[in-house]
Amino acid sequence: NDNADFADFADFGIEGDEEKPFPVQCLPPAAQSYLHEICQLYGVVPELPGACMLGTLSMALGSAAELHTGKHVARGNLYVLGAAPSGGSKSTVFNRVVQPLMDYQKRVVKHWRENELPATKAKIKMLNHRQEALSKQSSKQTGSPDSSLQELTVVEQQLQELQRGLEEPCLVVGEATREKLVEMMSHCRRETLATASAEARGCINTLMGRHNSTTDEDVFVAVWTGDFY
């Protein structure tokens, strides 16, 4: 039984939460309207699209905002795990809620491929030519080649920075190993990455140590608190 597996993993009883209605009124007005429309369209209770909305809003917020309350810092990053019976429109509702963010990611990638990537490659090519010219120039100089060395250093720094721009942008990823998540996050702007899946069994199996002899929750704990990893 899928529900029993999820309940055991989360260490709480799913049935016990039924008397606590999802606080729809706490969502922004636009999200409230969208949630009500989804409930009417698919005949689901507010908890299902509500959980998806909380996760999507968290993904959209990323690391753009923090609340400082004395010694503590509250961030918008959430871990949301929803469970529902098979045939309960989980995937349909999930995809309907998350789709705007996925569409935004497609636009970001399309703009990067058509504009940023060609420009970055062109800049790298020009700098490589300049680097080669400076190397030849310095080899012919007599005495101290300080000026050429300084410019070569600047060119090398620029090339290193441009190399980072060759990585395709990614905002949301599905299932991935801990190592791949860390690698992808290191290439993301602001080191922010979201993971989301309508069928999260693969994500949970990874978290519980499918690819390692121990569980893989350390990276999730570290990034939630904003600690160095």
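The values are calculated or read from the model by the stated rules, or taken from the named source; none is laboratory data. Bear in mind that the values here come from a model prediction, so they are computed numbers and not experimental data. Note that we place each Cβ from the backbone using ideal geometry, even for glycine, and neighbour counts take in every protein chain shown. For the accessible areas, the whole protein counts, side chains as well, though only heavy atoms, and no ligand, DNA or RNA atoms are used. Shrake-Rupley method; radii C 1.70, N 1.55, O 1.52, S 1.80 Å.
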All positions within segment 1-41 that are more than 28 Å from the chain's Cα centre (by Cα) and either modelled with pLDDT of 90 or more or among the charged types (D, E, K, R) (or both): E15, D17, E18, E19, K20, Q40, L41
Those residues of segment 50-69 which are under 18 Å from F94 (Cα atoms) and of a type in the set (V, I, T), in sequence order: T56
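Here is a yes/no grid of residues against (1) of a type in the set (S, T, Y); (2) surrounded by 12 or more Cβ atoms within 10 Å (Cβ to Cβ):
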position	(1), (2)
K123	no, yes
E132	no, no
E183	no, yes
S186	yes, yes
E191	no, yes
T195	yes, yes
Candidates V154, V173, V221, filtered to the one that is under 24 Å from V73 (Cβ atoms) and not aromatic (F, W, Y): V221
Matching residues in segment 78-96 - criterion: being touching a Gly at 6+ places or on another chain (Cβ under 8 Å) and open to solvent by less than 50 Å² (accessible area, probe 1.4 Å): S89, K90
Subset of segment 197-216 [part of a helix (DSSP H, G or I) and loosely packed, with under 15 Cβ neighbours inside 10 Å]: R201, G202, N205
Selection status of L127, in contact (Cβ under 8 Å) with a residue 40 or more places away in the chain and under 34 Å from the mean Cα position of the chain (by Cα): no
Pair list, Cβ < 6 Å and 6+ apart or interchain, from segment 49-69 residues that are on the phi > 0 side of the Ramachandran plot and in contact (Cβ under 8 Å) with a residue 12 or more places away in the chain to residues that are of a type outside the set (F, W, Y) and surrounded by fewer than 23 Cβ atoms within 10 Å (Cβ to Cβ): G62/T192
Filter result (over 16 Å from S58 (Cβ atoms) and either at pLDDT below 85 or open to solvent by 40 Å² or more (accessible area, probe 1.4 Å) (or both)) within segment 155-173: E156, Q157, Q158, Q160, E161, Q163, R164, L166, E167, E168
Residue list for segment 112-121, restricted to those being open to solvent by less than 90 Å² (accessible area, probe 1.4 Å) and either acidic (D, E) or over 13 Å from E167 (Cα atoms) (or both): N115, E116, A119
In segment 51-75, the residues that are open to solvent by 80 Å² or more (accessible area, probe 1.4 Å) and assigned to a strand (DSSP E or B): E66, L67, H68, T69, H72, R75
Any hit, segment 125-147, residues being under 26 Å from Y104 (Cβ atoms), out of contact with any His (no Cβ under 8 Å at 6 or more places or on another chain) and among the acidic types (D, E): no
